[in-house]
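To keep things clear, I will list the structure first and then write my remarks on it.
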Amino acid sequence: MDASETVGEDSRGYDGGKSRDGRKRHILTDSEGLLLEVTVTTADVHDSKAAPALLETFMDQPGRLLKLVWVDSAYQGPALAEAFARHGVRVEVVRRSDGQRGFVVLARRWVVERTLSWLSRSRRLNRDHERRPDHHAQMVWWAAVIRLSRRLAGDAPRWPDKRPDRPAQARA
């Protein structure tokens, strides 16, 4: 995501693939899309380089267990394979079919993309304003907790049903 001028040069980078200057969020979710772990790096850090640290941070906490992780083709490499093997995690790479072009929904990869979309609804996460990457990671957790608490309370905003100027509609 793009960074504002408050983000120092030492904690920002340039991602040539997406033509973005700033930081990148790396997240681990469960199969429902709930946030399990987040790491924030400079935008020039490749996914395969950040993922081992993300996995280690998650697995270092007592009681954490992963059996299977679905990843895209960017999450490959010896360091990552070693991290998965050390924790006994099976990895399945979700790939595009040969010859596929344009946007295509791929099994299991949409879960992480949906979670990133949910997090982006938080106004504070639309642009990175935090001076330190760990502060931005805490903002991501904060947005995830708000989303989870609304989901638990059954108060997730629904459009257009929750607009104050509309009468409640009867459900069939």
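The values are calculated or read from the model by the stated rules, or taken from the named source; none is laboratory data. Everything quoted here is computed from the prediction, not taken from an experiment. Methodologically, a virtual Cβ is constructed for each residue, glycine included, from the backbone with ideal geometry; neighbour enumeration extends over all protein chains shown. The protein model used for the area step is the full one, side chains on, heavy atoms only, and it has no ligands, DNA or RNA in it. Shrake-Rupley method; radii C 1.70, N 1.55, O 1.52, S 1.80 Å.
Does region 70-82 include one or more residues that are open to solvent by 40 Å² or more (accessible area, probe 1.4 Å), closer than 17 Å to residue 134 by Cβ, among the polar types (S, T, N, Q) and assigned to a loop (DSSP other than H, G, I, E, B)?
Looking through region 70-82, none of the residues is open to solvent by 40 Å² or more (accessible area, probe 1.4 Å), closer than 17 Å to residue 134 by Cβ, among the polar types (S, T, N, Q) and assigned to a loop (DSSP other than H, G, I, E, B).
Within the set of pairs 6 or more residues apart or between chains, which connect a residue that is closer than 18 Å to residue 138 by Cα and free of Cβ contacts under 8 Å to residues at least 24 places away in the same chain inside region 38-60 to a residue that is open to solvent by 10 Å² or more (accessible area, probe 1.4 Å) and among the polar types (S, T, N, Q) with Cβ atoms less than 7 Å apart?
From residues that are closer than 18 Å to residue 138 by Cα and free of Cβ contacts under 8 Å to residues at least 24 places away in the same chain, the pairs are 53/39; 57/39.
Got a sec? Which of 60, 10, 30 is at pLDDT below 85 and open to solvent by 30 Å² or more (accessible area, probe 1.4 Å)?
Numbers: 60 fails: at pLDDT below 85; 30 fails: at pLDDT below 85.
Exactly one of 60, 10, 30 is at pLDDT below 85 and open to solvent by 30 Å² or more (accessible area, probe 1.4 Å), namely 10.
Of everything in region 41-52, what is touching a strand residue (DSSP E or B) at 6+ places or on another chain (Cβ under 6 Å) and open to solvent by 20 Å² or more (accessible area, probe 1.4 Å)? Give them in sequence order.
Quick first cut of region 41-52, residues touching a strand residue (DSSP E or B) at 6+ places or on another chain (Cβ under 6 Å) only: 41-44, 50.
Those that are touching a strand residue (DSSP E or B) at 6+ places or on another chain (Cβ under 6 Å) and open to solvent by 20 Å² or more (accessible area, probe 1.4 Å): 41, 42, 44.
List every residue pair whose Cβ atoms sit under 9 Å apart, with the two residues 6 or more apart in sequence or on different chains, where the first one lies in region 119-147 and is open to solvent by 30 Å² or more (accessible area, probe 1.4 Å) and the second, anywhere, is basic (Lys, Arg) and at pLDDT below 80.
If the second residue must be basic (Lys, Arg) and at pLDDT below 80, the pairs left are 133/23; 139/124; 142/124.
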